[in-house]
Amino acid sequence: MRVLVVEDERKLARLIAAGLAEERHTVDLAFDGDEAIGRAQAGIYDAIVLDVMLPGRSGIEVCRWLRAHDINTPVLLLTARDQLEDKVAGLDAGADDYMTKPFAFEELMARLRALARRASGLPEGPSTPTALMVGDLTLDLVRHDARRGERHIHFTTREFALLEFLMRHPGRPFSRTQIVMRVWPDESEATSNVVDTYIHYLRDKIDRGFSHPLLHTVRGVGYVIHE
C-alpha cells in the first residue's frame, strides 16, 4: 500500500511513516495543505492520512479540493480530541473515516486496511479477524476485553492497544522504542519507563495467578508475548 501522510507535527509524521514502512508500505510525507495537494496530484496513493489542523489550507479544505478535482483516494482524517465539528465537516467534505488524537498505531493500521478493502471492493466480513489468540489468552477486538481460562479481563484503552500490538506479532520481541512508536506515536513525552509501567499492568492482569506466563522480557531487547 502506498500512503500519503499529511501532518505538520514532523516528529509525529515521521513516527507514523516509520511504522508504516515497518509494515512494508511505501510512505510519502507532506507538512502543509498545499504540499499535500501537490503530492496527491503527482502521485497515485492507496490512502491519505490527513491532519485537520495544517498550516495554510486545513485538512478539510484539502479534502474538499481533492474531491472537487476527482481525486477519490480514501482519506483518513486525524482530528483533535472531542472536536465533533471537525469530524462532521471532514466527512461532509468527502473524508472516508476519522481518528481522534491521541491514537494507537494499531488502530490506525486497522482503519487503513479497512479503507483499502472498501476501495478494492473486497468484503469486510469473515476475512476481518474479530479476536486474537496466544495460548489460552483470547483478545476480543470488538468488545475490547479478553479472557484467559475462566478469567474475564478488562483493559484501559492504552493497555488494550499495547496488548493488541504484541498479540498481532506473537513470538517477535520488540524494543521499548519500537513499542512507544507503535502504541504512543503521537505523545512526545512517552518514554521507555511508560512501556515498563504498562507491561507491569498487563502482567498483573493476564499472567498473575497462572502457572505459565505469556508476557516475557527479552534481556537487552525488550518484550515479547508467546506461549
Degrees separating the helix 33-42 axis from the principal Cα axis of the chain, which is the longest one: 80
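With every protein chain present, what is the per residue accessible area of the stretch 131-227 (1.4 Å probe, Å²)? List each step's numbers first, then the result.
Working: 4970 Å² over 97 residues.
Computed with neighbouring chains in place, this is 51 Å² per residue.
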Specify the angular offset, from 0 to 90 degrees and rounded to the nearest 10, of the alpha carbon long axis of helix 105-120 from the longest principal axis of the alpha carbons in the chain. 50
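With a 1.4 Å probe and every protein chain kept in, tell me what percent of the accessible surface of the chain is carbon plus sulfur. Walk me through the numbers on the way to the answer.
Details: 5560 of 11230 Å².
Carbon and sulfur atoms account for 50 percent of the accessible area of the chain.
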Report, to the nearest 10°, how far helix 157-167 tilts away from the longest principal axis of the Cα atoms in the chain, using its own Cα long axis and a range of 0 to 90°. 80
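Give the value in nm², to one decimal: projected area of the alpha carbon convex hull of the chain, averaged over all directions.
On the way: hull surface 52.1 nm².
Average projection, Cα convex hull of the chain: 13.0 nm².
Apply the a/c threshold of 1.5 to the C-alpha gyration tensor of the stretch 1-65 and tell me whether it is rounded, prolate or oblate.
Details: a/c = 2.32, a/b = 1.38, b/c = 1.68.
Oblate, because a/c is 1.5 or more while a/b does not exceed b/c.
Tell me the relative contact order for the chain as a rounded percent, counting alpha carbon contacts under 8 Å between residues six or more apart. Working shown, then result.
On the way: 364 pairs, mean separation 33.6, N = 227.
Computed value for the chain: 15 percent relative contact order.
Of the beta bridges DSSP finds with both residues in the chain, what % are antiparallel, to the nearest 5?
Values: 18 of 35 bridges.
If we restrict to bridges inside the chain, about 50 percent are antiparallel.
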In a shell of Cβ-Cβ distance under 10 Å around residue 212, excluding residue 212 itself, what net charge do Lys and Arg (+1) and Asp and Glu (-1) give? -3
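Indicate the gyration tensor shape class of the stretch 1-115 (rounded, prolate or oblate), computed on the Cα atoms with a ≥ b ≥ c the square roots of the eigenvalues: a/c under 1.5 is rounded; otherwise a/b larger than b/c is prolate and the rest oblate.
Details: a/c = 1.36, a/b = 1.12, b/c = 1.22.
Rounded shape, in that the Cα axes give a/c under 1.5.
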Reachable lysines from residue 87, criterion Cα separation under 21 angstrom, eight or more residues apart if same chain: 101
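The values are calculated or read from the model by the stated rules, or taken from the named source; none is laboratory data. Quick caveat, the model's predicted, so the values are computed rather than measured. Note that we place each Cβ from the backbone using ideal geometry, even for glycine, and neighbour counts take in every protein chain shown. Protein only, heavy atoms only, side chains kept; ligands, DNA and RNA dropped before computing areas. Shrake-Rupley method; radii C 1.70, N 1.55, O 1.52, S 1.80 Å.
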